[in-house]
Amino acid sequence: MSVSCGVECVLVVGCLRWAWKRCTYIGNDDSATWPEATYEEFEPVPRICRTILAVYEPNLHNPKFPPPGGYRLNPDWVIKRVTYEQTCGHAPPYLIYCDHEHQEIVLAIRGLNLLNESDYKVLLDNRLGKQMFDGGYVHHGLLKSAIWVLNNESETLKKLWIDNGRCYKMIFAGHSLGSGVVSLLTIIVVNHKDRLGGIPRNLVRCYAVAPARCMSLNLAVKYADVIHSVILQDDFLPRTATPLEDIFKSIFCLPCLIFLICLRDTFIPEGRKLRDPRRLYAPGRMYHIVERKFCRCGRYPPDVRTAIPVDGRFEHIVLSCNATSDHGIIWIEKESEKAFARLKEASAETTT
């Protein structure tokens with residue numbers, strides 16, 4: 001009897017310890033030791049977020065849902081807009097924008113549409129270790145989508161870059177599902193420069209906003225100089241190591257799925273996770289926007305921290321009521337704008 005009581009006590013204490021660790025773990029912990037981003041490196045992020053938002057607008061001359069302050073884009077500089085009907089389900093809608101003010105050619109892809117079957121087909125076209133690429137592993141469906149976009153738009157992008165003096169930056173930007181497509185598209189472009197007229201690596205940039213886990217750790221680190229992931233506080237998707245198809249099969253029971261992932265990840269050693277070369281991660285250098293703190297109410301002026309992590313690359317789901325709202329591009333654009341203003345003010349004070 002006493003032995004069974006002892007076992008029960010140990011089990012209860014263990015469960016309480018696990019519950020305490022999971023409930024007190026917050027998004028702030030993922031980047032607590034990272035240095036703060038600089039004003040110069042974070043400057044394009046709010047602008048890129050607005051460009052991604054512009055993909056949702058059918059008419060930028062008369063926008064229906066502009067963010068605060070507007071899109072700040074010149075509608076006449078939109079080169080091409082592609083809808084679901086034109087992609088035939090191979091990729092989400094996107095637009096090509098030639099930003100002469102900042103000397104950038106931007107290809108921006110929207111995020112997952114929960115009402116569109118073709119987006120689910122892209123996500124479901126994968127299994128762990130199915131697709132090897134460039135010495136690592138990538139998501140098969142997202143890679144096929146990236147190849148389709150490049151095959152259809154390479155001549156347009158190549159002509160734009162050459163016509164503008166071969167000096168404009170080539171920016172690939174995407175949110176959620178689109179982030180995975182542009183991340184893999186960037187890797188292809190960097191390794192096949194001739195597809196875009198021989199553009200050098202230092203002129204290619206990718207901004208994966210609320211990124212999906214789409215490539216193995218060796219590729220995520222290898223291309224950290226050209227791929228930048230932007231994550232808002234507690235966003236669930238960059239932290240969800242389970243295959244993407246399982247997430248969206250269970251999208252309507254997401255809290256249950258997140259709880260089970262937390263339980264599983266708690267008992268899997270960190271070293272075992274890192275040793276699996278097939279495990280997919282969020283790509284590139286990470287920019288983490290942090291605006292909430294443990295046991296404090298409300299939002300604070302956001303900090304932006306950056307690093308190229310290997311150990312602890314957003315490995316743990318955060319049990320937070322903001323885990324899904326922080327994934328929204330509208331909130332990311334709003335908080336990145338606040339963070340940019342704060343960095344700009346700090347930079348001006350330092351200069352003075």
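Among the residues of the stretch 323-352, which ones are touching a Phe, Trp or Tyr at 6+ places or on another chain (Cβ under 9 Å), open to solvent by less than 30 Å² (accessible area, probe 1.4 Å) and assigned to a loop (DSSP other than H, G, I, E, B)?
Within the stretch 323-352, just Ala323 meets the criteria.
Is there a residue in the stretch 47-62 that is over 23 Å from His175 (Cβ atoms) and either part of a helix (DSSP H, G or I) or modelled with pLDDT under 90 (or both)?
No: zero hits.
Just name the residue that is nearest to Asn164 (Cα to Cα) out of those in the stretch 75-114 that are open to solvent by less than 50 Å² (accessible area, probe 1.4 Å) and of a type in the set (S, T, N, Q).
Residues of the stretch 75-114 that are open to solvent by less than 50 Å² (accessible area, probe 1.4 Å), as a first pass: 75, 78, 82, 84, 87, 89, 91-99, 104-113.
Narrowing the set further to residues that are of a type in the set (S, T, N, Q) leaves 87, 113.
Numbers: Thr87: 27, Asn113: 34 Å.
That would be Thr87.
Under the condition of being over 11 Å from Ile227 (Cβ atoms) and outside any helix (DSSP H, G or I), which residue from the stretch 158-172 is most open to solvent (accessible area, probe 1.4 Å)?
Narrowing the stretch 158-172 to residues over 11 Å from Ile227 (Cβ atoms): 158-171.
With the extra rule that they be outside any helix (DSSP H, G or I), the set shrinks to 164-171.
Numbers: Asn164: 35, Gly165: 55, Arg166: 118, Cys167: 66, Tyr168: 21, Lys169: 84, Met170: 1, Ile171: 3 Å².
Step by step, filter the stretch 158-172, then rank; the result is Arg166.
Which members of the stretch 137-149 meet the condition of being buried (at least 21 other Cβ atoms within 10 Å of the Cβ) and more than 17 Å from the chain's Cα centre (by Cα)?
First pass over the stretch 137-149, keeping only residues buried (at least 21 other Cβ atoms within 10 Å of the Cβ): 137-139, 141-143, 145-146, 149.
Scanning the stretch 137-149 gives Tyr137, Val149.
Among the residues of the stretch 37-46, count how many are assigned to a helix (DSSP H, G or I) and touching a Phe, Trp or Tyr at 6+ places or on another chain (Cβ under 9 Å).
Taking the stretch 37-46 first, the residues assigned to a helix (DSSP H, G or I) are 39-42, 44-46.
Okay, now just the ones that are also touching a Phe, Trp or Tyr at 6+ places or on another chain (Cβ under 9 Å), so 39, 41-42, 44-46.
Adding up the residues that qualify gives 6.
Looking only at the stretch 200-214, which residues are under 12 Å from the mean Cα position of the chain (by Cα) and either over 21 Å from Ala339 (Cα atoms) or open to solvent by less than 10 Å² (accessible area, probe 1.4 Å) (or both)?
From the stretch 200-214, those under 12 Å from the mean Cα position of the chain (by Cα) are 206-214; that's our starting set.
Correct list: Cys206, Ala208, Val209, Ala210, Pro211, Ala212, Arg213, Cys214.
Is it the case, given these coordinates, that Val138 is in contact with a Leu (Cβ under 8 Å, 6 or more places away or on another chain) and under 24 Å from Ile332 (Cα atoms)?
On the way: in contact with a Leu (Cβ under 8 Å, 6 or more places away or on another chain): yes; under 24 Å from Ile332 (Cα atoms): no.
Spelling it out, it is not the case that Val138 is in contact with a Leu (Cβ under 8 Å, 6 or more places away or on another chain) and under 24 Å from Ile332 (Cα atoms).
The values are calculated or read from the model by the stated rules, or taken from the named source; none is laboratory data. Source: prediction; values computed, not measured. Every residue, glycine among them, receives a Cβ derived from its backbone with ideal geometry; neighbour counts consider all protein chains shown. Note: accessible area is taken over every heavy atom of the protein model, side chains too, but ligands, DNA and RNA are not part of it. Shrake-Rupley method; radii C 1.70, N 1.55, O 1.52, S 1.80 Å.
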